[in-house]
1. What dipole magnitude, in Debye to the nearest 20, does region 135-207 give about its Cα centre under +1 on Lys/Arg Cβ and -1 on Asp/Glu Cβ?
2. Using modelled backbone amide H atoms (1.01 Å from N, in-plane), which distant-in-sequence or interchain residues come within less than 5 Å of L31's amide H?
3. Using 19 Å as the Cα-Cα cut-off, could you pick out the over-long pairs in K57/K78; K26/K76; K56/K81; K82/K129?
4. For region 70-131, state which trypsin sites (Lys or Arg not before Pro) are in a DSSP loop and have at most 15 other beta carbons lying within 10 Å of their beta carbon.
Amino acid sequence: MSKGSRTQTGENTAREDYQGNQSQAKTISQLSVSEQRILVNQIFGMFEARWPLQFKKAWPLDIHTTANDGENLDIKLKTAKKSWLNNERFQQLTPAQVELGIQRTSSESRFIPSLADFLMYCAEADRDKHGLPTADVAWREVTQHCHEQMTHHWSHEAVYEAARATDFFRIRNAQGGEVESLRKTFESLYKQLCNRIAHGEQIPDVRPALEDARSKSPVELNEQYHEAKLQAEIKAQGLQQLTSAQSALAAMRARLA
């Protein structure tokens, strides 16, 4: 564990050794109790170091305490930390996201953030790290370019994948209340993809394939489309074990006879 310095109330401002690559990929809920305590002490340590007067006003101490293994004798402060640790959204963060949130909060906020504000800073910093647009910006991109899904240069693979899963055709033709319904579906799917990316999962990047499609002629694209449609039909009828498309077509015709 790093020694580092401690604030007046005993908060450790150093980065702890537990934050290795393996722990960084875990969510807070998967960390041990001691690791969770270290993490929340680190956050509140930053609060006290960055905004000492606000910190004393929010969590006043009747008796000034000295360092005591990251624990603080003030009940009000301990209660605040416990409420953060018991929050479901906070528990789903990774230590890496918390670190980004600490950096963003320290540089951009004028006040000690509420838990909701801190979660927002974590999300914003994490999106920036991975080049992910906000859900609003992503949806705007989808609605503006859903008619050119193969030729548009998508800002991120997660935007394209969430839109594809929502259904480009439905997005293009939606009217009235269906638009808002599709938006909610898209945002839910996009959020899931963002979370998977934040937790280290690699989302297949389809953009190189789209780039390849842009270089093909309309005739080639038409042939590719019908070939994909044929393969899907063959698979749907359980004929993929046949060795050629011709034999599969013959079997399909025989079923119709």
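Here, each number is a calculation from the coordinates, and none is a lab measurement. Here the structure is a predicted model, which means the values were calculated and not measured. FYI the Cβ positions are ideal-geometry reconstructions off the backbone, even for glycines, and counts take in every protein chain you see.
1. 80 debye
2. The list, which skips near neighbours in sequence, is empty: none.
3. Over 19 Å Cα-Cα: K26/K76; K82/K129.
4. For trypsin sites (Lys or Arg not before Pro) across region 70-131 that sit outside H, G, I, E and B with at most 15 neighbouring Cβ atoms in 10 Å, the list reads R110.
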